[in-house]
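The values are calculated or read from the model by the stated rules, or taken from the named source; none is laboratory data. All figures in this text were calculated on a predicted structure; none of them were measured in a lab. Using ideal geometry, Cβ is built from the backbone for each residue, glycine included, and neighbour counts are taken over all protein chains shown. Keep in mind that these areas ignore ligands, DNA and RNA; they rest on the heavy atoms of the full protein, side chains included. Shrake-Rupley method; radii C 1.70, N 1.55, O 1.52, S 1.80 Å.
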Amino acid sequence: MAIEPAARPVTEGAFSGTALRDDFPIFDTPTGSGMRLVYLDAAASAPKPRSVIEAVSDAYSHHYANVHRGIYELSEDATARFEGARRKVARFIGAPSEREIVFVRNATEAINLVAYSWGRANLRAGDRVVTTQLEHHANIVPWQQLTREVGATLDYVAITDDGRLDLDDLRTKLAAHPKLLAVAHVSNALGTINPLSEIVELGHEAGALVLIDAAQSAPHMPIDVASLGCDFLALSGHKMLGPSGIGALWGRRELLDAMPPFLTGGSMIIRVTLEGAEWNEVPYKFEAGTPAIVEAIGLGAAIDYLEELGMENVRAHERYLFERAWQTLGEIPGVRRLGPDDPDLHAGVISFLLDGIHPHDIATVFDSHGIAVRAGHHCAQPVMLRYDIPATTRASFYVYNDLDDIEALGKAVVATQMLFA
Ligand code: PLP
């Protein structure tokens, strides 16, 4: 890993993003425009460090067999590596036990698992679920489907003009005693960091279980489910330097134990007769079929990489880049920035608008400068409705970004404005 904090001047917060770029082979690949790649789309999916790519290659090359079934050395080796990755995920989010970590494909599947399994076993007609207008569709549509199916009601917490959750509205929605509160830690569309401890406390006081969508926070800041006191937490590996196709659901053990299976078939049973089946214990009860073995091992390597940097340092680095980018964009006339001003309430994600220029055009011009940003509704159409806009341009930062990237962003904004003037 290209990091020597003591020897290197602190140029971008806690460590040098410039130096870390050496760890990511994607930055060696020339862009179509021939310019250096400025990757500002981590919120969609993050590039992979060499250590993750090598861990995946090594697992396929030397340690690959199916897990949990073979009575032979190679299978036991693969199983040990797969289960080792589960332990790493548990440690990374402060889970009391790796038995509480269910491997899934992504955060979307984690939330669906709760909606199908816990939701259909526990929600009845007349019950309520609360989510927010700030959510990614992954934390809206499963609750719409569930509440429609059982005849329950879905309430949405409003957002303020500067993109924060309206906590008074949260209190109002919780006064109806919902059974579940499902909320994002960080908004992918606005970058807002929600005050989780307060939200979890309010949810529990109202008698609700609290599910946290950590897809945009687990990659970027320390998470500790034990001290947060939440009940479920969902994350995606591909957003935290890991492979695609692997994610995790954490749930409190007693909840997972009581929940019926989601998918059924092999691995999730201990006995099958012609009359029926007996479920395996958690987490295997929720892992039907052959899991994403190598992807899980790759996620473990991504966690090693992030832990070596230190999640406090990752957050400090992104906070620093956010402040510089927020200021840079704020100084350019015709730029409208969305989300909170306060760097303590804003992750390394900036959604912005340029007067009179569609975000898709902006992203196309940026691409010609070698800059990758996301343009669109970011799978958060209710956020776009709230501000009466069709789309935004979104720049999102990670460990490999630096001040040169922020400067390139500012220059590209000005160049785009000149092109469309
Ligand atoms: N939740 C949030 C806040 C997200 O930003 C995303 C993806 O962008 C998701 C959930 C869904 O993640 P995935 O597509 O990996 O399931």
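All conditions in (1) surrounded by fewer than 24 Cβ atoms within 10 Å (Cβ to Cβ); (2) at pLDDT 95 or above hold for residue 400, with the sole exception of (1).
To keep it simple, each residue is scored yes or no on (1) open to solvent by less than 20 Å² (accessible area, probe 1.4 Å); (2) out of contact with any helix residue (DSSP H, G or I) (no Cβ under 8 Å at 6 or more places or on another chain); (3) modelled with pLDDT of 95 or more.
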position	(1), (2), (3)
360	no, yes, yes
366	yes, no, yes
384	yes, yes, yes
421	no, yes, no
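Counting only strands (runs of 3 or more DSSP E) that fall entirely inside region 293-399 and contain at least 1 residues that are closer than 19 Å to residue 39 by Cα, the qualifying elements are 349-354, 374-376, 392-396.
Residue pairs whose Cβ atoms lie under 9 Å apart, separated by 6 or more positions or on different chains, with the first residue in region 341-353 and among the small types (Gly, Ala, Ser) and the second open to solvent by 10 Å² or more (accessible area, probe 1.4 Å) and not in a loop (DSSP other than H, G, I, E, B), are 347/193; 347/315; 347/319; 348/315; 348/319; 351/337.
Among the residues of region 288-304, the one identified as in contact with a Ser or Thr (Cβ under 6 Å, 6 or more places away or on another chain) and surrounded by 23 or more Cβ atoms within 10 Å (Cβ to Cβ) is 301.
Of the residues making up region 139-159, those that are under 20 Å from residue 125 (Cβ atoms) and open to solvent by less than 60 Å² (accessible area, probe 1.4 Å) are 142, 143, 144, 146, 147, 150, 151, 152, 153, 154, 155.
Within region 118-138, can one find any residue that is open to solvent by 60 Å² or more (accessible area, probe 1.4 Å), within 16 Å of the ligand (Cβ to nearest atom) and not β-branched (Val, Ile, Thr)? No: zero hits. Of all residues in region 13-49, those satisfying the criterion of being acidic (Asp, Glu) and free of Cβ contacts under 8 Å to residues at least 40 places away in the same chain are 22, 28.
Quick grid of which residues meet (1) acidic (Asp, Glu); (2) within 30 Å of residue 372 (Cβ to Cβ); (3) more than 16 Å from the ligand (Cβ to nearest atom):
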| residue | (1), (2), (3) |
| --- | --- |
| 85 | no, yes, yes |
| 95 | no, no, yes |
| 102 | no, no, no |
| 110 | no, yes, no |
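Selection of region 58-107 for residues being in contact (Cβ under 8 Å) with a residue 40 or more places away in the chain and polar (S, T, N, Q) yields 66, 97, 106. Screening 328, 392 for residues that are away from the ligand (no atom under 16 Å from the Cβ) and hydroxyl-bearing (Ser, Thr, Tyr) leaves exactly one candidate, 328. Among the residues of region 35-57, those that are away from the ligand (no atom under 16 Å from the Cβ) and either touching a His at 6+ places or on another chain (Cβ under 6 Å) or open to solvent by 10 Å² or more (accessible area, probe 1.4 Å) (or both) comprise 35, 36, 37, 50, 51, 53, 54, 55, 56, 57.
Quick check: is even one residue across region 63-82 assigned to a helix (DSSP H, G or I), of a type in the set (S, T, N, Q) and open to solvent by 40 Å² or more (accessible area, probe 1.4 Å)? No, region 63-82 contains no residue that is assigned to a helix (DSSP H, G or I), of a type in the set (S, T, N, Q) and open to solvent by 40 Å² or more (accessible area, probe 1.4 Å). A count restricted to region 319-354 and to residues that are over 23 Å from the mean Cα position of the chain (by Cα) and either hydrophobic (A, V, I, L, M, F, W, C) or on the phi > 0 side of the Ramachandran plot (or both) stands at 6. It is to be established whether one or more residues within region 309-325 are within 14 Å of residue 413 (Cα to Cα), surrounded by 19 or more Cβ atoms within 10 Å (Cβ to Cβ), touching a residue at least 12 places away in the same chain (Cβ under 8 Å) and touching a strand residue (DSSP E or B) at 6+ places or on another chain (Cβ under 9 Å). Taking every residue of region 309-325 in turn, at least one turns out to be within 14 Å of residue 413 (Cα to Cα), surrounded by 19 or more Cβ atoms within 10 Å (Cβ to Cβ), touching a residue at least 12 places away in the same chain (Cβ under 8 Å) and touching a strand residue (DSSP E or B) at 6+ places or on another chain (Cβ under 9 Å).
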